[in-house]
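The values are calculated or read from the model by the stated rules, or taken from the named source; none is laboratory data. Every value quoted in this text rests on a predicted model; they were computed, and no experiment measured them. Reconstructed Cβ throughout: ideal geometry from the backbone, glycine too, with neighbour counts over all protein chains shown.
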Amino acid sequence: MKRGKSTDIVVCDLGLSFDPVGTRVPLRFGSETVTEVSFARVRMQVETRGGGRAEGWGESPLNVGWAWPSALLSYRERSARLEAFCRELAEAWLRSAEYGHPIELGHRFIEDQLCGVRTRFEARRCSAPADELPWLASLICAAPFDIALHDAFGRANGLPTYRTYGPEYMSSDLSAYFEGAASAQRFAGRYPVQYLCAKPPRRIPVWHLVAGADALRTEELTGDEPDDGYPVTLEQWLRRDGPMFLKIKLCGVDWDWDYNRLLESGEIGRAFGSPGLSADFNCMVSDGEYVPSLLERLRRGAPQVYDVLRYVEQPFAVDLHTHDPAAIQAIAAHKPVFIDESADTWRSVARSHELGWTGVALKTCKTQTGALLALAWAKEAGMELVVQDLSNARLAQIPHVLLAAHAGIELGVESNGMQFYPAASATEARIHPGLYRRRAGMLDLGSLSGPGFGYRLEEFALRL
């Protein structure tokens, strides 16, 4: 890395808290059903080289079911481990005494410290390999710290964070972060800002999640659904929130159920004017013929649904080394195929491209730094991008939606926190109503303003 800049920051202090949030309806995907999620919130105080001080805030849901599926440990055991690991990361950040840009500091932490903290953490617990904290889970623990760092940098320098990703504020170009890659020199003289939208839209299209336990129509209701004023069926959501994209969770082990679920959801979406849908298998497929045969059946039997299917998401296991290129390419012959859980670093994105994956799902829950580096690498390689949710609510929603707007993605952003715990965001929704209620199939970012991520914290009491 080159010599630092006067705008560089160093971490001085931080605070960490956890808030459990219950879901109003169960969220089922893959092999897990989620009824409660712990939100990790970080307040990070920083100082610039010139002595200026500011604090930044970051938040992310510690969605155990997504990051750490397990048949050996209970949900609560895994959730407690994630919270304990967050505390370890807080101590590691407090020991940091380096100045830098948040991408520089965040990248260095992920590359040089995160794995070591994780190894020491697991060694003290004498965990068996099958019980160890996965790398993906360690990233979602790292995310709120990294997001707070980016917010703090913007606030310390009096700028929106997305205006700080160029050479005026970064000491090194992207080639320094992709060091060791054969294509690193393609990034010489290039910075993240060159891969971002210069004039991000104020309003962006939104994706609705059709989870595995969700009712599609009124006749499917059992009477046990919450009576809280919010929709409970797919039809009701589309009637209230407008023509949204539909992300359909499939199980990957029951071909007939998956086919019928995709067909029925797609037909309902078409009736309400949905612009498209996706099929998400959450790593559950083990048979290379499973997805291509389903898509071929859909193409022949329901071409009107097949035509609006925009992409297939992560059918195979997280470990890219287990992926069969022929199976990936068989899917890609039908529709674009995107990695999600496997996209844990830019290196994974590069490897996925070699295997035949055509797109990447970006998530701020895998760190803001990691999302920006993955975005740049994927765009340079000609891969497609989407920005996806982890049922973000509260503060976590804001950096998530900002990433989608600045990434310049025509397909918009997934946003489903309002489906599963809308009341959790009541405080933030008073200041940013367009971000916590979907209207006419869109989210509105117009209320965001000021330095950092534009939270406008001075207008509501935020605490740990």
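Evaluate the stretch 346-353: report whether one residue or more is on the phi > 0 side of the Ramachandran plot and touching a residue at least 12 places away in the same chain (Cβ under 8 Å).
Among the residues of the stretch 346-353, not one is on the phi > 0 side of the Ramachandran plot and touching a residue at least 12 places away in the same chain (Cβ under 8 Å), which makes the answer no.
If you scan the stretch 161-181, which residues turn out to be of a type outside the set (Phe, Trp, Tyr), part of a loop (DSSP other than H, G, I, E, B) and crowded, with 22+ Cβ neighbours inside 10 Å?
Thr164, Met170 - these are the residues of the stretch 161-181 that are of a type outside the set (Phe, Trp, Tyr), part of a loop (DSSP other than H, G, I, E, B) and crowded, with 22+ Cβ neighbours inside 10 Å.
For Gly266, indicate whether it is over 29 Å from Glu220 (Cα atoms), over 22 Å from the mean Cα position of the chain (by Cα) and not aromatic (Phe, Trp, Tyr).
Values: over 29 Å from Glu220 (Cα atoms): no; over 22 Å from the mean Cα position of the chain (by Cα): yes; not aromatic (Phe, Trp, Tyr): yes.
It is false that Gly266 is over 29 Å from Glu220 (Cα atoms), over 22 Å from the mean Cα position of the chain (by Cα) and not aromatic (Phe, Trp, Tyr).
Across the stretch 290-307, what is the number of residues that are touching a residue at least 40 places away in the same chain (Cβ under 8 Å) and either closer than 15 Å to Asp256 by Cα or in contact with a strand residue (DSSP E or B) (Cβ under 6 Å, 6 or more places away or on another chain) (or both)? Step through it out loud before you land on a result.
Within the stretch 290-307, the subset touching a residue at least 40 places away in the same chain (Cβ under 8 Å) is 291-292, 295, 305.
So of that shortlist, the ones also either closer than 15 Å to Asp256 by Cα or in contact with a strand residue (DSSP E or B) (Cβ under 6 Å, 6 or more places away or on another chain) (or both) come out as 291-292, 295.
The total comes to 3.
Tell me yes or no: at least one residue of the stretch 329-352 is out of contact with any helix residue (DSSP H, G or I) (no Cβ under 8 Å at 6 or more places or on another chain), surrounded by fewer than 24 Cβ atoms within 10 Å (Cβ to Cβ), in a helix (DSSP H, G or I) and not charged (D, E, K, R). Before the answer, list the steps.
So the first thing to find is which residues in the stretch 329-352 are out of contact with any helix residue (DSSP H, G or I) (no Cβ under 8 Å at 6 or more places or on another chain), and the list is 329, 332, 336, 338, 340, 347.
Add one more test, that the residue is surrounded by fewer than 24 Cβ atoms within 10 Å (Cβ to Cβ), and what stays is 329, 332, 336, 340, 347.
Right, trim to in a helix (DSSP H, G or I) and you get 329, 332, 347.
Among the residues that remain, those that are also not charged (D, E, K, R) are: 329, 332.
Checking the stretch 329-352: at least one residue is out of contact with any helix residue (DSSP H, G or I) (no Cβ under 8 Å at 6 or more places or on another chain), surrounded by fewer than 24 Cβ atoms within 10 Å (Cβ to Cβ), in a helix (DSSP H, G or I) and not charged (D, E, K, R).
Restricting to the stretch 378-387, what's the tally of residues that are part of a helix (DSSP H, G or I) and either surrounded by fewer than 24 Cβ atoms within 10 Å (Cβ to Cβ) or at pLDDT below 95 (or both)?
Total meeting the criteria: 2.
Can you tell me which of Arg310, Arg351 is in contact with a Leu (Cβ under 6 Å, 6 or more places away or on another chain), of a type outside the set (A, V, I, L, M, F, W, C) and modelled with pLDDT of 95 or more?
Of the residues listed, the single one that is in contact with a Leu (Cβ under 6 Å, 6 or more places away or on another chain), of a type outside the set (A, V, I, L, M, F, W, C) and modelled with pLDDT of 95 or more is Arg351.
Tally the residues that are within 13 Å of the chain's Cα centre (by Cα) and touching a residue at least 60 places away in the same chain (Cβ under 8 Å), restricting the search to the stretch 413-434.
Step one: of the stretch 413-434, the residues within 13 Å of the chain's Cα centre (by Cα) are 413-417.
Next, from what is left, pick out any that are touching a residue at least 60 places away in the same chain (Cβ under 8 Å): 413-416.
So the answer is 4.
Output yes when any residue across the stretch 286-294 is of a type in the set (D, E, K, R), crowded, with 18+ Cβ neighbours inside 10 Å and either at pLDDT 95 or above or not assigned by TED's automatic domain parsing to the domain that holds Arg270 (or both), and no when none is.
Checking the stretch 286-294: not a single residue is of a type in the set (D, E, K, R), crowded, with 18+ Cβ neighbours inside 10 Å and either at pLDDT 95 or above or not assigned by TED's automatic domain parsing to the domain that holds Arg270 (or both).
I'd like to verify a number: residues in the stretch 278-314 that are part of a loop (DSSP other than H, G, I, E, B) and not acidic (Asp, Glu), how many?
10
Is it fair to say Pro167 is of a type outside the set (A, V, I, L, M) and within 22 Å of the chain's Cα centre (by Cα)?
Considered against the rule, which asks whether it is of a type outside the set (A, V, I, L, M) and within 22 Å of the chain's Cα centre (by Cα), Pro167 comes out as no.
Just one of (1) closer than 24 Å to Ala92 by Cβ; (2) in contact with a Ser or Thr (Cβ under 7 Å, 6 or more places away or on another chain) trips up Asn157, so point out which.
Every condition holds for Asn157 apart from (1).
Hey, does the stretch 315-323 have a residue that's part of a helix (DSSP H, G or I), buried (at least 23 other Cβ atoms within 10 Å of the Cβ) and more than 18 Å from the chain's Cα centre (by Cα)?
no
Which residue out of Leu390, Leu448, Leu375, Leu411 is buried (at least 24 other Cβ atoms within 10 Å of the Cβ) and either among the aromatic types (Phe, Trp, Tyr) or outside the structural domain of Val25 (by TED's automatic domain parsing) (or both)?
Leu375
Please go through the stretch 338-371 and pick out each residue that is among the hydrophobic types (A, V, I, L, M, F, W, C), farther than 20 Å from Ser415 by Cβ and under 17 Å from the mean Cα position of the chain (by Cα).
Ile339, Trp346, Val349 - these are the residues of the stretch 338-371 that are among the hydrophobic types (A, V, I, L, M, F, W, C), farther than 20 Å from Ser415 by Cβ and under 17 Å from the mean Cα position of the chain (by Cα).
Residue under question is Trp135, and the condition is that it be surrounded by fewer than 19 Cβ atoms within 10 Å (Cβ to Cβ), among the aromatic types (Phe, Trp, Tyr) and modelled with pLDDT of 95 or more; does it hold?
For Trp135, the condition - surrounded by fewer than 19 Cβ atoms within 10 Å (Cβ to Cβ), among the aromatic types (Phe, Trp, Tyr) and modelled with pLDDT of 95 or more - is met.
Hey, any hits in the stretch 14-24 for a residue that's crowded, with 23+ Cβ neighbours inside 10 Å and assigned to a strand (DSSP E or B)?
yes
So which of Arg108, Arg81, Arg87 ends up being over 30 Å from Gly30 (Cα atoms), among the basic types (Lys, Arg) and modelled with pLDDT of 95 or more?
It is Arg108.
Out of Glu91, Glu32, report the one residue that is outside the structural domain of Ala213 (by TED's automatic domain parsing), in contact with a Pro (Cβ under 8 Å, 6 or more places away or on another chain) and not hydroxyl-bearing (Ser, Thr, Tyr).
The conditions single out Glu32.
Results for (1) buried (at least 22 other Cβ atoms within 10 Å of the Cβ); (2) outside any loop (DSSP other than H, G, I, E, B); (3) aliphatic (A, V, I, L, M), shown as yes or no for each residue.
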residue	(1), (2), (3)
Gly50	no, no, no
Pro61	yes, yes, no
Ala71	no, no, yes
Ala84	no, yes, yes
